[in-house]
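Contents: one structure, followed by commentary.
The values are calculated or read from the model by the stated rules, or taken from the named source; none is laboratory data. Keep in mind that this is a model prediction, so the values were computed, not measured. Cβ placement follows ideal geometry from the backbone for every residue including glycine, while neighbour counts extend to all protein chains displayed. Heavy atoms of the whole protein, side chains included, go into the accessibility calculation; ligands, DNA and RNA do not. Shrake-Rupley method; radii C 1.70, N 1.55, O 1.52, S 1.80 Å.
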Amino acid sequence: MSIRFLANAGLNRAIVNGALDREPALDFLTATEADLEGKGDPDVSEFAASQGRIPVSPDASTMPIHFSDRLRSGRMSPGV
């Protein structure tokens, strides 16, 4: 089983490119590729969970809150 990632729109594309350069087998979908640009963290989290992807975000102030809210409401997520 491979780990699947979703880069939110705020994540610098150079980080995704660098990760893929280092490990080309990574499954790293961007917000642009997923048509999620302009969507809020809850929508990104929902999409990521529905796809079995771990959201990757530079937003340490709100993304953990949305992740915690998701788990408290009984919804699952592969991580954040």
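Among the residues of the stretch 54-63, is any exposed (fewer than 13 other Cβ atoms within 10 Å of the Cβ), modelled with pLDDT of 90 or more and outside any helix (DSSP H, G or I)?
No, the conditions are met nowhere in the stretch 54-63.
Among the numbered criteria (1) small (Gly, Ala, Ser); (2) part of a loop (DSSP other than H, G, I, E, B); (3) on the phi < 0 side of the Ramachandran plot, which single criterion is violated by ALA49?
Tallying (1) small (Gly, Ala, Ser); (2) part of a loop (DSSP other than H, G, I, E, B); (3) on the phi < 0 side of the Ramachandran plot, ALA49 fails exactly one: (2).
Among the residues of the stretch 1-16, how many are open to solvent by less than 60 Å² (accessible area, probe 1.4 Å) and not aliphatic (A, V, I, L, M)?
3
Return the pair list, or none, for Cβ contacts closer than 6 Å from residues in the stretch 13-28 that are outside any helix (DSSP H, G or I) to residues that are aromatic (Phe, Trp, Tyr), at least 6 apart or on different chains.
So the pair list comes out as PHE28/PHE5.
Name every residue in the stretch 40-59 that is over 20 Å from ILE3 (Cβ atoms) and without any contact (Cβ under 8 Å) to a residue 24 or more places away in the chain, in order of residue number.
Hits for the stretch 40-59 are GLY40, ASP43.
Here's a check for you: in the stretch 31-46, which residue that is in contact with a helix residue (DSSP H, G or I) (Cβ under 6 Å, 6 or more places away or on another chain) and outside any loop (DSSP other than H, G, I, E, B) is most open to solvent (accessible area, probe 1.4 Å)?
PRO42
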